[in-house]
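Okay, structure first, notes after.
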Amino acid sequence: MSPRNSVFVVDDDAFMRKALERLLREHGFYPVLFDRAEALQAHKDFSQGFCIILDIDLNGVSGVALRRTLAKSGITLPIIYITGNDDDATRAAAMASGCTAYLNKPFSAKSLVESIKSVYRPPSL
């Protein structure tokens, strides 16, 4: 794995995870996939990642609440939220949590890749 080239993807939809995995690999990133909030929280090495793509609704677990929990544990990677259940309150909570981007499903590949590239800093040699 390339140093700090990983994008952590948390989505409970297997189809979406697979699609994001293909898209990220196509653009030179290494996706690390999680199917639920607890799986990401149990992950031991966040040092190789540079951002997290986080679904807002993870089978009843709030992606925004997960982001706050991660931040309290010192994990402050930039967050790109994705959601299929957009509303004003959810969007406001996501923005208040300090996200890099908030994308409604279905979103364009270009909008996601641009959001990722806006936070990617290649490692210096």
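We did not get these values from a lab; they are worked out from the coordinates using the rules stated. Small disclaimer: the values here were computed from a predicted structure and weren't measured.
Values computed for the structure shown
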| read-out | value |
| --- | --- |
| Additional length obtainable on full extension of the chain from Ala19 to Ser73, 0.36 nm per residue less Cα span | 16.5 nm |
| Length added when fully stretched, Ala96-Ser118, from 0.36 nm per residue minus Cα-Cα | 6.0 nm |
| Lysine pairs with alpha-carbon atoms under 23 Å apart, segment 7-117, spacing 8 or more or separate chains | 6 |
